[in-house]
Amino acid sequence: MEAEAADAPPGRVKAALSCFSFNQDCTSLAIGTKAGYKLFSLSSVEQLDQVHGSNEIPDVYIVERLFSSSLVVVVSHTKPRQMNVYHFKKGTEICNYSYSSNILSIRLNRQRLLVCLEESIYIHNIKDMKLLKTLLDIPANPTGLCALSINHSNSYLAYPGSLTTGEIALYDGNSLKPVCTIAAHEGTLAAITFNASGSKLASASAKGTVIRVFSVPDGQKLYEFRRGMKRYVTISSLVFSMDSQFLCASSNTETVHIFKLEQLTSRQSTRRAFDLEWLHGKDVHGCHQLPPGPSVRHDESGQGFCHRTLELLWAEEHLHPLNDPEIAKAARWRRVCLSQDPQLAWLRSNRRE
């Protein structure tokens, strides 16, 4: 990674990178490049340790690792309709599947593997990669937006249920049956995500002004957060903290919003976001966004970055509660990130100028 950055011309450090993805519990980082892909461990706070690298498949634009296992799923621009599944420690290919159109996204947990195309979703059994179900009657989904609970005991799947409104179709990946349809937003969906247990589902629309949280599987609205009032933004990622106490949203406004999930009083219809004002300007682009283009994926990197931000927030929560308006939040979080989290600094050092 460092060698690639050193050889790149000024302002073109990211030219070789096509995607970032964090595994389900954010203990590993996968990077797809023009030459292949690389896996890094995030267990150390001092450095990124490369776990594996492969140049067998060039021009990778999707790479997903199953937790900390040796199973990795790869899709390349050279064969965008083919999914390759590898056991990288043994150096063997487990299987490969070809589909009717380009693969837009892949999601997996310990029970299921999802392959999302523009007009269909394929559900595989992760143990033997057998195709269990194909969802064909779904609205056009050109961005491949979908979410899968990382809790395999309730492998719920969520995807857009309408082309014109913000409906969410909730599907049970274990019983292979529809669960319900959630009328989440008036506008079309931009982001959806489950919490770690699969009991909550968060969503944002293309307007990006309101973020809502629903219970799973009944689809009842639990929380509504106001991210903005008039300015429409593009939400690039949503992610819950591992304990489901916080919800983080990143967008193209060069800010990160963190919401605390707590019981609302009768006078509170929305909760004010904790806005990390120190994340401003080029730093945010370096951390959770790649140069715009059809071959660059934004959701995984933004999601992983939000996870890292939430970890820092949780560490400081005991000393400085979010509901104290007098504390200097911005300065403290900046010091924590810059002094104690070189992984964020590494991502930031590779930003596009």
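Remark: the Lys130-Ser98 segment gains 10.2 nm on full extension, using 0.36 nm per residue and subtracting the alpha carbon distance.
Estimated at 0.36 nm per residue, the fully extended path between Leu222 and Ser197 surpasses their Cα-Cα distance by 7.4 nm. The Arg231 and Glu56 beta-carbon pair, evaluated with R₀ = 56 Å, returns a calculated FRET efficiency of approximately 0.80. In a DSSP loop and with at most 12 other Cβ atoms within 10 Å, the GluC sites (Glu not before Pro) in the range 141-236 are Glu186. Taken about its Cα centre, the range 45-84 carries a charge dipole of about 280 debye when Lys and Arg each add +1 at the Cβ and Asp and Glu each add -1 at the Cβ. When you filter the trypsin sites (Lys or Arg not before Pro) in the range 170-253 for DSSP loop state and at most 13 other Cβ atoms inside 10 Å of their Cβ, you are left with Lys230, Arg231.
Pairs of Lys residues in the range 128-237, spaced 8 or more positions apart or belonging to different chains, with C-alpha separations under 18 angstrom: 4 in total.
One compactness figure for the range 30-94 is 1.09, namely its Cα radius of gyration divided by 2.2 N^0.38 Å.
Radius of gyration over Kirkwood radius for the range 88-166, both on Cα atoms: the Rg/Rh ratio is 0.99. For the range 64-119, the dipole from Cβ point charges (+1 on Lys and Arg, -1 on Asp and Glu) about the Cα centre works out to 280 debye, to the nearest 20. Would you mind getting me the FRET efficiency between Ser244 and Cys180? Use the beta-carbon distance for r and R0 = 30 Å, nearest 0.05. The computed FRET efficiency comes out at 0.90. Once the Cα-Cα distance is subtracted from the 0.36 nm per residue extended length, the Asp137 to Val45 segment shows a gain of 28.6 nm.
Quick note: the coordinates plus some simple rules give every number you see, no bench work behind them. All values reported here derive from a predicted model rather than from experimental measurement. With ideal geometry, Cβ positions are generated from the backbone for all residues, glycine too; neighbour counts draw on all protein chains shown.
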